[in-house]
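The values are calculated or read from the model by the stated rules, or taken from the named source; none is laboratory data. Keep in mind it's a predicted model, so treat the numbers as computed, not measured. Positions of Cβ are backbone-derived with ideal geometry, glycine not excepted, and every protein chain shown enters the neighbour counts. For accessibility, only protein heavy atoms count, side chains too; no ligands or nucleic acids. Shrake-Rupley method; radii C 1.70, N 1.55, O 1.52, S 1.80 Å.
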Amino acid sequence: MTTDDRATVRIGAQDEDLQNRLDKELTDFNNRATGAYDEQELSVRVTDDRGELIGGLTGVTWGGLCSVNMLWVREDARHAGWGRTLMRAAEEEALRRGCDRAAVSSFTFQAPDFYRALGYAETGRMPGIPGGNEDVYFFKRLT
């Protein structure tokens with residue numbers, strides 16, 4: 001911790017109060033700057049007959065864009081179409097909410113070919129991911 005007469009700088013791990021405050025402040029700023037005030041969280045969940053999670057997706061819709069933050073499918077259920085089911089459900093809900101485009105990213109060791117197969121176009125890459133990998137950014141028009 002660093003302190004002077006005017007301020008204190010504190011470094012730590014997860015800080016929920018800080019996270020919530022930054023989210024509120026940046027959302028307010030972004031809304032005023034763009035005129036888009038329709039941000040909504042988005043989630044899609046698939047469970048088996050025992051109620052166990054097979055996979056899920058989280059993201060947000062805002063200003064006509066559906067942004068997928070995370071998509072995961074349980075290892076024993078991969079390659080059975082659940083990822084496609086999750087993405088299609090998210091896209092359908094995004095359309096229902098008035099979105100006409102979607103964005104997602106994937107590390108090169110994850111599933112970039114999966115998103116390409118769903119019609120997403122690569123828009124850029126960020127190097128520097130551990131193991132010599134990259135973060136690949138994708139975009140798709142939903143209409």
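Among residues of the stretch 69-83 being loosely packed, with under 13 Cβ neighbours inside 10 Å and assigned to a helix (DSSP H, G or I), the one that is farthest from the chain's Cα centre (by Cα) is ASP76. For the stretch 115-143, the set of residues classified as among the β-branched types (Val, Ile, Thr) and modelled with pLDDT of 95 or more consists of THR123, ILE129, VAL136, listed by residue number. Of all residues in the stretch 123-143, those being open to solvent by 60 Å² or more (accessible area, probe 1.4 Å) and under 17 Å from LEU71 (Cβ atoms) number 2.
In the stretch 91-120, what residues are surrounded by 15 or more Cβ atoms within 10 Å (Cβ to Cβ), small (Gly, Ala, Ser) and in a loop (DSSP other than H, G, I, E, B)? ALA111 - this is the single residue of the stretch 91-120 that is surrounded by 15 or more Cβ atoms within 10 Å (Cβ to Cβ), small (Gly, Ala, Ser) and in a loop (DSSP other than H, G, I, E, B). Residue pairs whose Cβ atoms lie under 8 Å apart, sitting 6 or more positions apart in sequence or on different chains, and linking a residue in the stretch 70-96 that is closer than 20 Å to GLU39 by Cβ to a partner that is loosely packed, with under 15 Cβ neighbours inside 10 Å, are LEU95/THR143.
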